[in-house]
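Chemist: Below you will find the structure I want to go over with you.
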């Protein structure tokens, strides 16, 4: 890539995957030509190179180098400090980037991870209310254990309630769980789940699409739900009300071509869920066995498609 | 299976007079043809019939799929969805093109990238296994001053076609139709009697004309692979 000499990290070699990451971060920081993050992600996929996209859009260098000018060189220090803090940066062009996530239009251009990245991760989201009933929490844990027994990964969002029950049960059963969080990877929300986040970073994967120090905000949770839907094969909604993130995730999953599994309680109690029933890929389940039968069908469907269509 | 994995975002193109263009099915405001198709019609010998499998909407998953399937590092899911769309169309609706024409399909061709690219077209291997008839090789010009204009010289046909020839011409994405119609004219020059065009996706952008409302109205119209892409309703 075109390295601009003279920056504070001019001694650092900006090339290879480090250079690609630096170019991707510079693009997202500078947003040249007013590019939005989804537009940047689309251009990265279209060209196959962040350095090329940077060169295409890079603002002409100022005559006098400004202290706050964003370039691939100027972000090199951030990349190094993230690395020193144990955060791994993956761009949408990296082989290790979650492969299913790349297929949805809200695929983040970069993600930060702690833990074990598996590109082809057979995973299902287990989501629902923060204020869940004892029955809901039990079902979330049962579904997480059943997925673990099937050697599948449990995705949840580190929230209170259903998410926590699903993460906890997967970990306790020796399974793999992925926490897709609505804050930067250097933060925790809610604070009470700090220990759980650390445990998942040690034994599973914590993934964030925001800058490492980004605080929780309403829109970040919605974006996080899109990522959860995209990452997995299906979204199982265990218990949810009229205004939950689970509701938004179920709608987005339909728009992503992902399967949605609605617990019958969710359908019984919510008009939005009844409206989803009958739409493509939407299933209802009244037991953990039902959920797992649907999961088996989904896995078989993608296996068949892989055989039918060898890319 | 197509419905389960993509029915939530693929959208059957709408065939309704003066609501969508009679040729390319983009929204029109009371006209028979959109501006681009209307200007193409100054030429003789355009496509005899055009089928579209889905709309691809910029910024939505359908648009993402039509880009991603042919990205430098193609997205597997997108390749699978495009392949399945074509497979369903070739298996269930190839005969519809024959019924409309009153003659069997004898040849098939793919609209190459313009200007020419060194790599094989991403649709070619998919279609080669499943299309009826023999391939008509089309080659794109190395450069084109106005690539979107309708110009038979943009493509050369590597075969001479007989009088009863009916070519099924396949393209992935229709934006203005210039590429496809130029390829049709090149096939005519080679002697094609009938050219039926099968396009995977009609590209739509929200920020154009009345598209925003048209696209919003498609939101809950989930994909029905039983709808004939040649007629917009039942098979002919």
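Chemist: Going through region B:66-102 one residue at a time, which ones are surrounded by fewer than 21 Cβ atoms within 10 Å (Cβ to Cβ), facing chain A (nearest Cβ under 9 Å) and not in a helix (DSSP H, G or I)?
Modeler: Answer for region B:66-102, where residues must be surrounded by fewer than 21 Cβ atoms within 10 Å (Cβ to Cβ), facing chain A (nearest Cβ under 9 Å) and not in a helix (DSSP H, G or I): B:71, B:72, B:73, B:74.
Residue by residue, here is whether (1) under 20 Å from residue A:234 (Cβ atoms); (2) part of a loop (DSSP other than H, G, I, E, B); (3) touching a helix residue (DSSP H, G or I) at 6+ places or on another chain (Cβ under 6 Å) holds:
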residue: A:142; (1), (2), (3): yes, no, yes
residue: A:155; (1), (2), (3): yes, no, yes
residue: A:165; (1), (2), (3): yes, no, yes
residue: A:175; (1), (2), (3): yes, yes, yes
residue: A:193; (1), (2), (3): no, no, no
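Chemist: Further question: Taking residue B:19 as meeting all but one of (1) crowded, with 19+ Cβ neighbours inside 10 Å; (2) without any contact (Cβ under 8 Å) to a residue 40 or more places away in the chain; (3) touching a strand residue (DSSP E or B) at 6+ places or on another chain (Cβ under 8 Å), write down the number of the exception.
Modeler: It fails just one condition, (1).
Chemist: In region A:177-224, which residue that is touching a residue at least 40 places away in the same chain (Cβ under 8 Å) and within 22 Å of residue A:138 (Cβ to Cβ) is nearest to the chain's Cα centre (by Cα)?
Modeler: Per the stated criteria, the residue is A:178.
Chemist: Which of the residues that make up region B:1-54 are touching a helix residue (DSSP H, G or I) at 6+ places or on another chain (Cβ under 7 Å), assigned to a strand (DSSP E or B), more than 14 Å from every other protein chain (Cβ to nearest Cβ) and closer than 20 Å to residue B:208 by Cα?
Modeler: B:27
Chemist: Quick one: which helices (runs of 4 or more DSSP H) sit completely within region A:244-297 and have at least 1 residues that are over 24 Å from the mean Cα position of the chain (by Cα)? Explain how you work it out, then say what you get.
Modeler: Working: elements: A:245-256, A:264-269, A:271-276.
The qualifying helices (runs of 4 or more DSSP H) are A:264-269, A:271-276.
Chemist: Just give me the residues in region A:111-129 being outside any strand (DSSP E or B) and touching a strand residue (DSSP E or B) at 6+ places or on another chain (Cβ under 7 Å), in sequence order.
Modeler: Residues satisfying the conditions are A:116, A:117, A:121, A:122, A:129.
Chemist: Would you point out the residue of region A:297-307, among those that are within 26 Å of residue A:265 (Cα to Cα) and in contact (Cβ under 8 Å) with a residue 40 or more places away in the chain, that is surrounded by the most Cβ atoms within 10 Å (Cβ to Cβ)?
Modeler: A:298
Chemist: Further question: Could you pull out the residue among A:20, A:39, A:43 that is free of Cβ contacts under 8 Å to residues at least 24 places away in the same chain, within 23 Å of residue A:104 (Cβ to Cβ) and touching a helix residue (DSSP H, G or I) at 6+ places or on another chain (Cβ under 6 Å)?
Modeler: The conditions single out A:43.
Chemist: Residue A:98 passes all but one of (1) closer than 29 Å to residue A:169 by Cβ; (2) away from chain B (no Cβ under 14 Å); which number fails?
Modeler: Residue A:98 satisfies all of (1) closer than 29 Å to residue A:169 by Cβ; (2) away from chain B (no Cβ under 14 Å) except (2).
Chemist: Do we have any residue at all in region A:234-245 that's within 14 Å of chain B (Cβ to nearest Cβ), surrounded by 22 or more Cβ atoms within 10 Å (Cβ to Cβ) and closer than 25 Å to residue B:75 by Cα?
Modeler: Looking through region A:234-245, at least one residue is within 14 Å of chain B (Cβ to nearest Cβ), surrounded by 22 or more Cβ atoms within 10 Å (Cβ to Cβ) and closer than 25 Å to residue B:75 by Cα.
Chemist: Taking residue B:62 and the conditions (1) in contact (Cβ under 8 Å) with a residue 60 or more places away in the chain; (2) touching a strand residue (DSSP E or B) at 6+ places or on another chain (Cβ under 6 Å); (3) more than 13 Å from chain A (Cβ to nearest Cβ), which numbered condition does it fall short on, given that it satisfies the others?
Modeler: (3)
Chemist: Has region B:165-187 got at least one residue that is in contact with a strand residue (DSSP E or B) (Cβ under 9 Å, 6 or more places away or on another chain), touching a residue at least 12 places away in the same chain (Cβ under 8 Å) and within 14 Å of chain A (Cβ to nearest Cβ)?
Modeler: Within region B:165-187, one or more residues are in contact with a strand residue (DSSP E or B) (Cβ under 9 Å, 6 or more places away or on another chain), touching a residue at least 12 places away in the same chain (Cβ under 8 Å) and within 14 Å of chain A (Cβ to nearest Cβ).
Chemist: Quick check on region A:132-146. Is at least one of its residues touching a residue at least 24 places away in the same chain (Cβ under 8 Å) and under 30 Å from residue B:62 (Cα atoms)?
Modeler: So far as region A:132-146 goes, no, none of its residues is touching a residue at least 24 places away in the same chain (Cβ under 8 Å) and under 30 Å from residue B:62 (Cα atoms).
Chemist: Follow-up question, since we're still on this one. Would you pick out the residues in region A:265-305 that are within 11 Å of chain B (Cβ to nearest Cβ) and in contact with a helix residue (DSSP H, G or I) (Cβ under 7 Å, 6 or more places away or on another chain)?
Modeler: Matches in region A:265-305: A:276, A:279, A:280, A:281, A:282, A:283, A:301, A:305.
Chemist: Also, I was wondering about something else. Out of (1) in contact with a strand residue (DSSP E or B) (Cβ under 8 Å, 6 or more places away or on another chain); (2) crowded, with 18+ Cβ neighbours inside 10 Å, what's the single condition that is false for residue A:226?
Modeler: So residue A:226 meets the others, but not (1).
Chemist: Does residue A:206 count as closer than 23 Å to residue A:87 by Cα and either out of contact with any helix residue (DSSP H, G or I) (no Cβ under 8 Å at 6 or more places or on another chain) or assigned to a strand (DSSP E or B) (or both)?
Modeler: Values: closer than 23 Å to residue A:87 by Cα: yes; either out of contact with any helix residue (DSSP H, G or I) (no Cβ under 8 Å at 6 or more places or on another chain) or assigned to a strand (DSSP E or B) (or both): yes.
Considered against the rule, which asks whether it is closer than 23 Å to residue A:87 by Cα and either out of contact with any helix residue (DSSP H, G or I) (no Cβ under 8 Å at 6 or more places or on another chain) or assigned to a strand (DSSP E or B) (or both), residue A:206 comes out as yes.
Chemist: Looking at region B:135-236, what strands (runs of 3 or more DSSP E) fall wholly within it and have at least 1 residues that are within 17 Å of residue B:97 (Cα to Cα)?
Modeler: B:166-174, B:194-204
Just so you know, all these numbers are worked out from the coordinates, no wet-lab data involved. Just so you know, these numbers come straight off a predicted model, no measurement behind them. Virtual Cβ from ideal backbone geometry, glycine too; neighbours counted across all protein chains shown.
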